[in-house]
2 protein chains.
Amino acid sequence: MAHTARKTPAPARRLALTGDLNAPACPSRGVLDHVTSRWGVLILVALTEGTHRFSQLRRKVGGVSEKMLAQTLQLLEADGFVTRTVHPVIPPHVDYALTPLGEEVAQRVGDLAGWIEDNLGRVMAARERVALRAPRRAPS
Amino acid sequence: MAHTARKTPAPARRLALTGDLNAPACPSRGVLDHVTSRWGVLILVALTEGTHRFSQLRRKVGGVSEKMLAQTLQLLEADGFVTRTVHPVIPPHVDYALTPLGEEVAQRVGDLAGWIEDNLGRVMAARERVALRAPRRAPS
DNA sequence: CGGTATCCGTACTGATACTG
DNA sequence: CAGTATCAGTACGGATACCG
């Protein structure tokens, strides 16, 4: 859909993403929500380091509940970003890993997450600056 | 915090982001949530095309309510990603634009959003494949 | 025009308990 | 170990009404 026809002709700006995501009903909204969800981001990033077991992820992604972890993993699996591999042994053993598709998103998500980590200082500084409530007026 | 000390020594993997975001209480979680919030993403992307007025954004980001738009803009302003410029005229005129900091995140957010738009087809295809519920077993 | 204030439903979230 | 089921709290999100 995105690469076939755009409803808005998109004014030829190269960085513009005017077409798709602005439509409230577009499926890409859903995918975006899954990927950028609270735990989705963290899970994708964690999986860039390789295959993980369920409990391994649970420990690694601090603060996530079993329920949310399972639920988010299901969503990511449904979107084709994550594979779930069941080893039929006792005790149970399940591995989660990124698909090729998943690695591509995870890379971008990781970029974003990494940027935030690296620039947290700048953001915190900006926060205090704004906290002083400098009511910027337009330069007359 | 992110660039000062890491609690986990981080095994020298270059793509690993093991340090910061995994801590439940780290401020970067908050920033990440703002940026990746439902409307945060869309607003940041919209602003990469330049300065926008309130109502302009409202029209552009399909489906957003006034409340959510205002609220999200406040959050992004507080984090130092967006400037709010009030022109003291009648009728009121307020401009929103990205700060340099904002342009850096917006670029990454845009990358992610763009990837999803461009690869929506692959994701939808993957969805149907998974919908067939191929219960992958580990290759014995 | 560009908001804020208020109300209110629901969807997300997290403990807890239980199953294979 | 790896989940699912159930339940209760919260906070998110939208509609409406009103102010500067």
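The table for this structure:
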read-out: With all protein chains modelled, accessible area of residue B:129 [1.4 Å, Å²]; value: 150 Å²
read-out: Residue order for B:52, B:87 - accessible surface, 1.4 angstrom probe, largest first; value: B:87, B:52
read-out: Estimated FRET transfer efficiency when R0 is 30 angstrom, pair residue A:25-residue A:65 (beta carbons, to 0.05); value: 0.45
read-out: Ranked order, A:20, B:33 - accessible area, probe 1.4 Å, largest first; value: B:33, A:20
read-out: Distance histogram in 10 Å bins (all Cα pairs of the range A:86-132, percent per bin); value: 22, 23, 23, 18, 11, 4
read-out: For the B-to-A rotation axis, chain B residue with nearest beta carbon and its distance in angstrom; value: B:36, 2
read-out: Cα pair distances of the range A:16-87 binned at 5 Å [whole percent]; value: 3, 15, 26, 22, 13, 9, 7, 4, 0, 0
read-out: Position residue A:25, label points 7 Å along Cα→Cβ, spacing to each other copy in nm (shortest first, one decimal); value: 4.8
read-out: Shielding by partners - mean other protein chain Cβ count within 10 Å, residues of A:26-32; value: 6
read-out: Cα-based radius of gyration of the range B:28-132 once divided by 2.2 N^0.38 Å, which approximates compact folds; value: 1.22
read-out: Between A and B, accessible area buried - total, square angstrom, nearest 100, 1.4 angstrom probe; value: 6100 Å²
read-out: Whole-angstrom gap from the range A:60-115 to the range B:36-74, using each part's C-alpha centre; value: 30 Å
read-out: Inter-copy label distances at residue A:70 (7 Å, Cα→Cβ; nm, one decimal); value: 4.1
read-out: Virtual spin-label span in nm between residue B:103 and residue B:122, 7 Å along Cα→Cβ; value: 3.0 nm
read-out: Volume per residue of the C-alpha convex hull in the range A:60-115, rounded to whole Å³; value: 99 Å³
read-out: Label distances, nm, residue B:88 versus same residue in remaining copies, Cβ-directed 7 Å point; value: 7.7
read-out: Per residue accessible area of the range A:28-132, 1.4 Å probe, in Å²; value: 44 Å²
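The values are calculated or read from the model by the stated rules, or taken from the named source; none is laboratory data. Bear in mind that the values here come from a model prediction, so they are computed numbers and not experimental data. All Cβ positions, glycine included, derive from the backbone under ideal geometry; neighbour counts span all protein chains shown. Calculation scope for accessible area: heavy atoms of the full protein, side chains included, ligands and nucleic acids excluded. Shrake-Rupley method; radii C 1.70, N 1.55, O 1.52, S 1.80 Å.
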